[in-house]
Amino acid sequence: MKKTIIYSCISLLAAFSATTNGTDKIRVACMGNSITAGNYNYPTPLGAMLGDDYDVRSFGKGGSGVFIEDRIAFDGNDDGVYVRTQECADALAFNPDIVTIKLGTNDVGEFFFCEKNFWYTDCSQKTLRDGVRERFKNDYMTLINMIKALPANPRIILCYPVRLYPKGMFGQGAAMDEVIRTEQHTIVDNIAEEQGFEVIDLWEPTRDMEENFPDGCHPNHQGSYEIAKAVYRGITGKSFDEQAIASFIPELKTPYCIVNKYNGKVMEVKPSSTTYGVVTSDFESDNEAQQFLFENLTYDVFRIRTSFKNAEDTPYYLAIKPGPVGLLEIGYNWGASDNILSIQVSPAEDEYYTMGVWKSDSYMGITKSSTTVRGGKKLADLSDYDKWSFVKTSEMQPSAIKQENNAPYQVTIENGNTISVKNAAPLDKIVLYNVSGQTVYSTVAESSQVFIPVSKGFYVLSAGNKAVKIIAQ
């Protein structure tokens, strides 16, 4: 009887009892193909989601698969045989406590499961090669037996391949996808039942997200995040709760302004006007170069791009390069430089955050004498110049922010933490707003001088019918 275990609810106790060879971390080896190894690989967000108790590493090899002799006969070499790759050898040397295997996508096609040129034929015309099911299972077991022989006696989790879509190089993705669903799923289930393994279904979570698989097979940032959430659920036995962990959860596809704490100005992309291409400027409601969209990698790691695209229909992404250089990159696929686009958003104070490269001591900010946004700043050196708030563009208030020093009142900052308003008329309503237009203080003047306690930041003070821009430094 076929037995499929989806998102197996293994207790956390079992996971934490894994052998660690003297370390405090649970080692997780993710074995697989390009979906495991690529620019938008799922082990990257998975590691952040599992946290510091885990050491998650990707051992994916692009283009590789399960088949051994079938692949060698077709390619004339063993480069695409996963068990013969350096990545496989490195995974075994890692001696993991948990192993996830996500292979099979590169094992469909005319040279493996089917007799004819199946990449370009209708799924109704498929003809399986003699003995192919047995060879796929036996070759899969070759890898499994290598893992079972490891000293750590790892917990082995098998994964269904992701959904394939009929577009791009995978124009006949529907036909190939049927082989994965009708043949490979059954074989994986049989192995899992015989060996007592768990199975994580990656096909179901990716079945209705064609937009997140640009070429029909490989996920983008959001696709890899969905895969990571499914694997997280399989490893821990519970769903990932980003609401309970995340300090900032943006509304996807909603434009935000990124406001600097020191000068109260918003980040703006100017690719042709400065060397670095990113500055802080006064807010303009109709300026799309000041509006950014957040794209999830994990609960606190994002790709951040402009809401508009250039003449080549390509958005501008924020990227922090190594060293004290600028923050602008143009394009969609950056290859080895992909990590510099993974912006980690961490809470700093109140509604302000720092933005840095994930797992790297490199942050973005400005200086007292320059509005140009630069990267390469170190965590120990961060100040208000390097802290940012995220405000929905629809909630910004340009009319109030643009009015400056036009009030009849004498406004000063005392001791760095108190705003003094002199010449107030009795019963004048005095209101202090933050950069998002939220009221942080409100009172009615009872005398000619009013004191308002504040923290450092940018504010708009409304007194009577007048407004004045204030920066508390």
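Computed quantities for the displayed model
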item: Residue within the range 294-316 that is buried (at least 17 other Cβ atoms within 10 Å of the Cβ) and modelled with pLDDT under 65 present; result: no
item: Number of positions in the range 395-406 that are out of contact with any Ser or Thr (no Cβ under 8 Å at 6 or more places or on another chain), outside any loop (DSSP other than H, G, I, E, B) and either modelled with pLDDT of 90 or more or surrounded by fewer than 18 Cβ atoms within 10 Å (Cβ to Cβ) (or both); result: 2
item: Test set (1) out of contact with any helix residue (DSSP H, G or I) (no Cβ under 9 Å at 6 or more places or on another chain); (2) of a type outside the set (Phe, Trp, Tyr); (3) free of Cβ contacts under 8 Å to residues at least 60 places away in the same chain; (4) assigned by TED's automatic domain parsing to the domain that holds TYR385 - SER307 fails condition number; result: (1)
item: Checklist (1) at pLDDT 70 or above; (2) touching a Gly at 6+ places or on another chain (Cβ under 6 Å) applied to VAL421, failing item; result: (2)
item: Search result, residues across the range 79-105 that are in a loop (DSSP other than H, G, I, E, B) and modelled with pLDDT under 95; result: ASP79, GLY80, GLY104
item: Answer residue from the range 429-473, given it is within 30 Å of LYS392 (Cα to Cα) and among the charged types (D, E, K, R) and is modelled with the highest pLDDT among those; result: LYS429
item: PRO219 vs. criteria in a loop (DSSP other than H, G, I, E, B) and closer than 17 Å to TYR40 by Cα; result: yes
item: Residue that is surrounded by the fewest Cβ atoms within 10 Å (Cβ to Cβ) [pool: residues in the range 365-394 that are touching a helix residue (DSSP H, G or I) at 6+ places or on another chain (Cβ under 9 Å) and part of a strand (DSSP E or B)]; result: THR367
item: Matching residues in the range 69-82 - criterion: being crowded, with 20+ Cβ neighbours inside 10 Å and in contact (Cβ under 8 Å) with a residue 24 or more places away in the chain; result: ASP70, ARG71, GLY80, TYR82
item: Every residue from the range 222-256 that is assigned to a loop (DSSP other than H, G, I, E, B), of a type in the set (Val, Ile, Thr) and modelled with pLDDT of 90 or more; result: THR254
item: Matching residues in the range 36-68 - criterion: being out of contact with any Ser or Thr (no Cβ under 9 Å at 6 or more places or on another chain) and surrounded by 24 or more Cβ atoms within 10 Å (Cβ to Cβ); result: PHE67
item: First in the range 36-60 and closer than 24 Å to PHE213 by Cα, second anywhere and of a type in the set (Lys, Arg), Cβ under 7 Å, 6 or more apart; result: THR36/LYS102; ALA37/LYS61; PRO43/ARG57
item: Meets criteria (surrounded by 20 or more Cβ atoms within 10 Å (Cβ to Cβ) and among the β-branched types (Val, Ile, Thr)) for ILE258; result: yes
item: Checklist (1) free of Cβ contacts under 8 Å to residues at least 12 places away in the same chain; (2) assigned to a loop (DSSP other than H, G, I, E, B) applied to PRO214, failing item; result: (1)
item: Pairs where the first residue, in the range 364-378, is of a type in the set (Lys, Arg) and the second is modelled with pLDDT of 85 or more, C-beta under 6 Å, 6+ apart; result: LYS377/TYR363; LYS377/GLY365; LYS377/ASP386
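The values are calculated or read from the model by the stated rules, or taken from the named source; none is laboratory data. Computed from a prediction, not measured in an experiment: that's the story for all the values here. Ideal geometry is used to build each Cβ from the backbone, glycine not excepted, and the neighbour counts take in all protein chains shown.
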